[in-house]
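Participant: Take a look at this one; I'll ask things after.
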2 protein chains.
Amino acid sequence: MTEQPVDKYVEDLTSRLEKAIDNLSGQKHDHSIDNHIRDSQRSVKNQPVPYREKISKLSAEVVDSNPYSRLMALQRMGIVQDYEKIREKTVAVVGVGGVGSVVAEMLTRCGIGKLILFDYDKVEIANMNRLFYQPDQAGLSKVEAARDTLIHVNPDVQIEVHNFNITTMDNFDTFVGRIRNGSLTNGKIDLVLSCVDNFEARMAVNMACNEENQIWMESGVSENAVSGHIQYIEPGKTACFACVPPLVVASNIDERTLKREGVCAASLPTTMAVVAGFLVMNTLKFLLHFGEVSHYVGYNALADFFPRHSIKPNPTCEDSHCLIRQKEYQSKKSSETIDIDFQTTEEEPIVHEDNEWGIELVDESEPVTTTDEKTSSDVAEGLKFAYEPVKKEVESKEAGNTDRETAENAKNDALLKLKDILLEADMMKKMEEKNQLTKKH
Amino acid sequence: MTEQPVDKYVEDLTSRLEKAIDNLSGQKHDHSIDNHIRDSQRSVKNQPVPYREKISKLSAEVVDSNPYSRLMALQRMGIVQDYEKIREKTVAVVGVGGVGSVVAEMLTRCGIGKLILFDYDKVEIANMNRLFYQPDQAGLSKVEAARDTLIHVNPDVQIEVHNFNITTMDNFDTFVGRIRNGSLTNGKIDLVLSCVDNFEARMAVNMACNEENQIWMESGVSENAVSGHIQYIEPGKTACFACVPPLVVASNIDERTLKREGVCAASLPTTMAVVAGFLVMNTLKFLLHFGEVSHYVGYNALADFFPRHSIKPNPTCEDSHCLIRQKEYQSKKSSETIDIDFQTTEEEPIVHEDNEWGIELVDESEPVTTTDEKTSSDVAEGLKFAYEPVKKEVESKEAGNTDRETAENAKNDALLKLKDILLEADMMKKMEEKNQLTKKH
């Protein structure tokens, strides 16, 4: 059976409902029935229908009916110079789960120009412990359910969705193409936000962004639900995802209790909303040029501790495009007078001056590699690498790659297994005592 | 015209729609039409209809259809000892705007036993730059719109709503009564969360909680949208809202640009979700006894800076119930061996050892007042008081109150005006420079 007869049938019914509305006196009823007619038409035609007409120019007028008054106030208050610039920006969100869906909603409510959403999962009732999705969306694809809600929330935002896994070869090419041509003017997009929950997808985002010289931000939440982080990655300037094991925020939980047979990861709407909030705030600062774009913000919910960090790129990174970007950055930098980045603020933990990956405090104009083996405790307090790094051989970037690739593949396999050990107790022995004391409330 | 004929009419139409569904082949259509029939019935009868049946006991089973699997995993992972205890808890949320609505949604998705919501505002399109409310809810009262959504999200949560302003005398009495008898067993509730946006409402919550010896948490976001905080208040043990001017997180924005004629406050979904996330995480830690319940967490979004702080109660506080709670706490404490609270963690900024209000580092068993006049820079780095404190006279708690009350009223008027000056540039001159550098991205 085709969809046509049903469309007709529902249109008939809704037109009769519309007549019924005319006979109603209460405005409240008009209002809600009106919406549900709209919803019915929309669901049958499987096309989201916006709630209001598009707005051509943002207004700062302080009236209840203006969805942008509180955002345009950022201008008058001196926070943002030109808020309306946000309408020209395109952001890709990879993964619209517990973090990504909230990220997409925040950007939509902020009036971003265009969102490109990537995911291949379906909404499940098991996801209802996080914000955004509603139980009646269970069974729908996440990107379509998200689009449906977002267009309703703000029809001014252009939403493009891709219901596929970016890690397969064809889809990866499409993904790269959308980074290159996905903007509102069919040019390069402004930012990629990674909100995925696995290593392979992060590596795919990393590879695509290194290839396209695309700035992106990574986010993550721990499997015990009580820590998370965001990270800003600018190819050639900061460590890429392949440069070093990714940093995670340490918790005081024994990792041996995690990932047992049949134990699913925990998640909390709080941690996910906080990480989404950090990510979109960093995005707004980046897109609209205000405040300080953070390189890394961690969140340890058990202690309300927020480690910050910066990592320089690894001159022996295995991603060939990362090495190209590093060269480009070095030559660009050498024509500048001073290094304005990587200045630590007073709040930032001090990074130790040397470590095993040759990635910190090397003179940026002259990459240096070392073979020292040290522990990951060299990173800032409260942070640890997601897995222990494998010892790197010192080798020139010009070395032959075939044998190396085989070795790297084996290493990557090992790393993928090690990745399961995401969390470890290395931060605060005293916190455990504190927890006990807190229980006396 | 009564509602009955419309009910009948819609029931008729929906029954015919139901028959049409039987003729459809695609499951997706069945699903969405089915939901909209449900919605139509619900909206016409003006009663929220839950999406699923109630669940009598939380299960940790890892299946897509279990809304609690990811929460119960907190137990298996050793974070929470008995997650299901959350079902016995009752939390009041005062103010369901940009922060409070997200707080209510988080607690609902976490499966809290009961929520009591207080607000007297209506949903406006101008609120659509924050999470939670949908544009089609514009015009509805916030508490009713919230209940409608929350019952749909999780019917296991009991939702009680009060569409009134707690600061009027009658409503205040009702509010106090709900604190005293609002729990699932008609006893005292477990926690009050203040998510209001004005001084008077905070003072009303403070007064009620001091009277009822009720632990509460306060939250706030700045009028320039880029900072916020949460604060834990335990009567007699920590400073109450009347003890000292409330702390706010400093930003580097000149306050003279704020609150000009006709300029409305700015707001961002990011800041509000972060503050809501902090507040509900602190709530979960408090209710379920895990991690460290924070006394104060600030959020400066421009610099991703998170000041922490603790304030002891003021022995000359003007709230008479606060003084009673302080006495109770002192006598209870004197029978204990050591003070387990107010230990600063390494991450917490050091609090200066003396200041003008005699509230810090006094020997708790022997309150001391001073008349020294100092600046608010005595509080932890990055924090400032919402307004400059008025010089306090040293007077015994037994002093006559009539003249004092008149003076206090005048003072309060002055403070209310001073409160408008919420934000001030006193933190980081260097940050302004950094902002400029960031713009070079």
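The values are calculated or read from the model by the stated rules, or taken from the named source; none is laboratory data. What you see is a predicted model; the values in this text were computed from it and never measured. Here Cβ is always computed from backbone atoms with ideal geometry, including for glycine, and neighbour counts include all displayed protein chains. Remember, those area values only see protein heavy atoms, side chains included, never the ligands or the DNA or RNA. Shrake-Rupley method; radii C 1.70, N 1.55, O 1.52, S 1.80 Å.
Participant: Determine, from the Cβ-Cβ distance of residue B:168 and residue B:122 and an R0 of 22 Å, the FRET efficiency 1/(1 + (r/R0)^6), rounded to the nearest 0.05.
Facilitator: Values: r = 18 Å, r/R0 = 0.81.
The formula returns an efficiency of 0.80 here.
Participant: Find how much the distance from residue A:65 to residue A:85 grows on full extension, using 0.36 nm per residue of separation minus their present alpha carbon separation; answer in nm with one decimal.
Facilitator: Numbers: separation 20, 0.36 × 20 = 7.20 nm, distance 2.15 nm.
Length gained, residue A:65 through residue A:85: 5.0 nm.
Participant: Taking a probe of 1.4 angstrom, what is the accessible area of residue A:142 in Å², to the nearest 10?
Facilitator: Residue A:142 has an accessible surface of roughly 10 Å² with all protein chains in place.
Participant: Right, something else. Which distances in nm, rounded to one decimal and ordered from shortest, link the label point of residue B:331 to the equivalent label points in the other identical copies, with labels set 7 Å from Cα toward Cβ?
Facilitator: Taking the point 7 Å beyond Cα along Cα→Cβ, the inter-copy spacings are 8.1 nm.
Participant: For label points placed 7 Å from Cα toward Cβ, what is the shortest-first list of nm distances from residue A:185 to its copies?
Facilitator: The answer, with the shortest distance listed first, is 6.6 nm.
Participant: In nm, to one decimal, how far is the residue A:324 label point from the residue B:198 one, both placed 7 Å along Cα→Cβ?
Facilitator: So the label points at residue A:324 and residue B:198 sit 6.0 nm apart.
Participant: So, one more: Segment A:146-203: Rg/Rh from Cα coordinates, Kirkwood Rh? List each step's numbers first, then the result.
Facilitator: Working: Rg = 12.9 Å, Rh = 13.0 Å.
We get a ratio of 0.99 for segment A:146-203.
Participant: Show me, bin by bin at 10 Å from 0, the whole-percent P(r) of segment B:187-234 based on Cα pairs.
Facilitator: 26, 52, 18, 3
Participant: Also, quick follow-up: Compute log10 of I(q)/I(0) for segment A:276-317 with the Debye formula, placing one identical point scatterer on every Cα and leaving out solvent, at q = 0.21 Å⁻¹, to two decimals.
Facilitator: Values, matching the q order: -0.79.
Participant: Let me ask another. Once fully extended, how much extra length lies between residue B:331 and residue B:181, figured as 0.36 nm per residue of separation less the alpha-carbon to alpha-carbon distance?
Facilitator: 51.3 nm
Participant: Can you work out D for segment B:81-166 in µm² s⁻¹ from Stokes-Einstein, where Rh is the Kirkwood radius over C-alpha pairs, the temperature is 25 °C and the viscosity is 0.890 mPa s? Don't skip to the end; give the middle numbers.
Facilitator: Details: Rh = 12.9 Å.
This corresponds to a translational diffusion coefficient of 191 µm²/s.
Participant: Ordered shortest first, which distances in nm separate the 7 Å Cα→C-beta label point of residue A:52 from those of the other copies?
Facilitator: Inter-copy label distances (nm, one decimal, shortest first): 3.4.
Participant: On a 1.4 Å probe surface of the protein chains, which of A:331, A:194 comes out largest in accessible area, and what is the full order? The partial results should precede the final answer.
Facilitator: Working: A:331 75, A:194 0 Å².
Sorted by accessible area, descending: A:331, A:194.
Participant: For segment A:110-202, what is the charge dipole size about the Cα centre, in debye to the nearest 20, if Lys and Arg each add +1 at the Cβ and Asp and Glu each add -1 at the Cβ?
Facilitator: Numbers: 9 positive and 13 negative charges, 53 e Å.
Charge dipole, segment A:110-202, about its Cα centre: 260 debye, nearest 20.
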